[in-house]
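What follows is a set of notes on a single structure, which appears directly below.
Just so it is clear, none of the values below were taken in a lab; they were calculated from the coordinates. The model shown is predicted, which means the values in this text are computed figures rather than measured ones. Here Cβ is always computed from backbone atoms with ideal geometry, including for glycine, and neighbour counts include all displayed protein chains.
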Amino acid sequence: MSIKADQWIQRMVQENRMIEPFEASQIRKGISFGLSSYGYDFRLSNVFKIHRPQKGETIDPKNFSSLHFEEFEGAVCEIPPHGYVLGRSLEYFRIPRNILTICYGKSTYARCGISINVTPFEPEWEGFATLAISNHTASPAKIYAGEGIGQLIFLESDEMCAISYADKQGKYQAQQKITGAKI
């Protein structure tokens with residue numbers, strides 16, 4: 001007998017405390033979030049770092065500076081035209097050793113020229129996800145705390161990975177706050 005995907009995700013959440021807080025159904029108030037048929041739509045917290053570029057600034061991932069970020073906390077964050085902000089997931093994740101996630105942005109935002117970039121959550125990674133949220137338009141764009149920002153798709157392996165994110169002591173393991181690029 002097979003198990004439905006949403007039931008499998010609920011079981012994984014219960015056994016591993018995989019998502020906290022966890023919403024066991026799809027909530028359609030505002031931009032939807034919660035458990036979906038084959039994944040989980042996660043929310044955006046109310047903490048942001050808005051990039052305020054300086055004339056002539058070069059962004060270098062090998063020498064990342066947070067000097068030109070304005071910290072902001074609120075229910076609505078406005079992204080400057082052609083700009084980006086760093087945000088954080090509302091949910092804390094604990095990914096089991098035999099699971100990998102793929103993350104996609106919500107189509108509601110994509111249809112407005114707003115995209116997110118989040119790398120896959122590797123086996124045994126845990127923490128709040130740092131999100132790079134870009135505004136591809138020539139107008140300011142709004143994003144909303146406490147509402148859906150992205151969807152995770154869970155891929156289960158039939159065997160445990162050889163080396164997990166925890167094993168290799170990944171540099172973004174157990175992050176509690178918005179974390180900039182690290183080398």
Can you tell which of Thr108, Thr58, Thr137 shows the greatest fluctuation in a Gaussian network model of the chain with Cα springs below 10 Å? Thr58
Length added when fully stretched, Glu20-Thr119, from 0.36 nm per residue minus Cα-Cα: 33.7 nm
The chain, Gaussian network, Cα under 10 Å: of Ile163, Ile153, Ile27, the residue fluctuating most is Ile163
Going by how many other Cβ atoms sit within 10 Å of their own, how do Asp158, Asp6 line up, fewest first? Asp158, Asp6
Arrange Lys4, Lys62, Lys49 by Cβ neighbour counts within 10 Å, fewest through most, would you? Lys62, Lys4, Lys49
In which sequence would Val85, Val47 go, from the one with the fewest C-beta neighbours within 10 Å to the one with the most? Val47, Val85
Going by the alpha-carbon gyration tensor, a ≥ b ≥ c the square roots of its eigenvalues, is segment 106-152 rounded (a/c under 1.5) or, if a/c is not under 1.5, prolate (a/b greater than b/c) versus oblate? prolate
Tell me what the chain gives for mean residue ellipticity at 222 nm when only DSSP H runs of n ≥ 4 count, each as -39,500 (n - 2.57), the sum divided by the residue total, rounded to 500 deg cm²/dmol. -2500 deg cm²/dmol
In segment 74-112, what chymotrypsin sites (Phe, Trp or Tyr not before Pro) fall in a loop by DSSP, with at most 16 other Cβ atoms inside 10 Å? none
Pull out a ≥ b ≥ c, the square roots of the eigenvalues of the alpha-carbon gyration tensor of segment 1-40, then state rounded if a/c is under 1.5, prolate if not and a/b is larger than b/c, and oblate in the remaining case. oblate
Let me make sure I get this right: for the chain, a, b and c are the square roots of the gyration tensor eigenvalues over alpha carbons, sorted descending. Under 1.5 in a/c it's rounded, otherwise prolate if a/b > b/c, else oblate. Which is it? oblate
Helix 5-16 sits off the longest principal axis of the Cα atoms of the chain, rounded to the nearest 10 on a 0 to 90 degree scale, by 90 degrees
Label points 7 Å out from Cα along the Cβ direction at Asp158 and Ala174: separation in nm? 3.5 nm
Coil-residue GluC sites (Glu not before Pro) of segment 1-107, DSSP, other Cβ within 10 Å capped at 13: Glu57
